[in-house]
Amino acid sequence: MATKITSRAVINAGSLGRLPIKEGAEIGFGNLKREAVMGDDGPLGYSESYEEAPSIKCTIIHAKDTDEEAIKAFVDETITIETNSGKAYTLKEAWTVDPITLSTKDGQLEVLFNGIEMITQ
C-alpha cells in the first residue's frame with residue numbers, strides 16, 4: 001500500500017474564514033527544547049524549556065477582497081489546518097504575530113500566527 005505524503009493544506013482561521021494560501025504553509029508545534037545537564041562524570045540528565053509558541057506560518061494571496069485590517073486585528077481565535085494526507089491540527093487562542101506587509105510583485109501577504117496550544121486531531 002502506498003503512503004500519501006503531505007503536500008497541500010487548507011487553513012480555516014476563525015472569523016477570517018478559509019484563507020487563500022500559497023503552497024508551503026508551515027506548522028510549528030512549540031516543542032520543548034531539551035538540553036543536557038553535565039556533571040563531572042558526564043551527562044546527568046536534561047533540562048526542558050519552551051523556546052517557541054505553537055505556530056502556523058503561511059502566505060496569503062492578496063486580492064481586491066482581502067481584508068488586511070481583519071488579519072492585523074486577528075486575536076484569540078481558533079485556526080484549523082487540514083492536510084491532504086489526512087492529518088489536521090488546531091491552533092487554540094491564536095493571534096497574528098508580526099505586522100503584515102504586502103508584496104505587490106507577487107500579490108501576497110506573509111503571515112505568522114501564534115497560539116496557546118497546538119492540538120493534533
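For the reader, a short list of remarks on this structure follows.
- Of the numbered criteria (1) over 11 Å from the mean Cα position of the chain (by Cα); (2) within 25 Å of Glu51 (Cβ to Cβ); (3) hydroxyl-bearing (Ser, Thr, Tyr), the one Ser103 fails is (2).
- Summed over the stretch 1-21, the residues that are exposed (fewer than 12 other Cβ atoms within 10 Å of the Cβ) and closer than 17 Å to Val111 by Cβ give a count of 3.
- Any hit, the stretch 29-44, residues being over 16 Å from Gly115 (Cβ atoms), of a type outside the set (Val, Ile, Thr) and surrounded by 13 or more Cβ atoms within 10 Å (Cβ to Cβ): no
- Residues of the stretch 49-60 that are in contact with a Leu (Cβ under 8 Å, 6 or more places away or on another chain) and at pLDDT 95 or above: Pro54, Ser55, Ile56, Lys57, Cys58, Thr59, Ile60.
The values are calculated or read from the model by the stated rules, or taken from the named source; none is laboratory data. Computed from a predicted structure; not experimentally measured. Ideal geometry is used to build each Cβ from the backbone, glycine not excepted, and the neighbour counts take in all protein chains shown.
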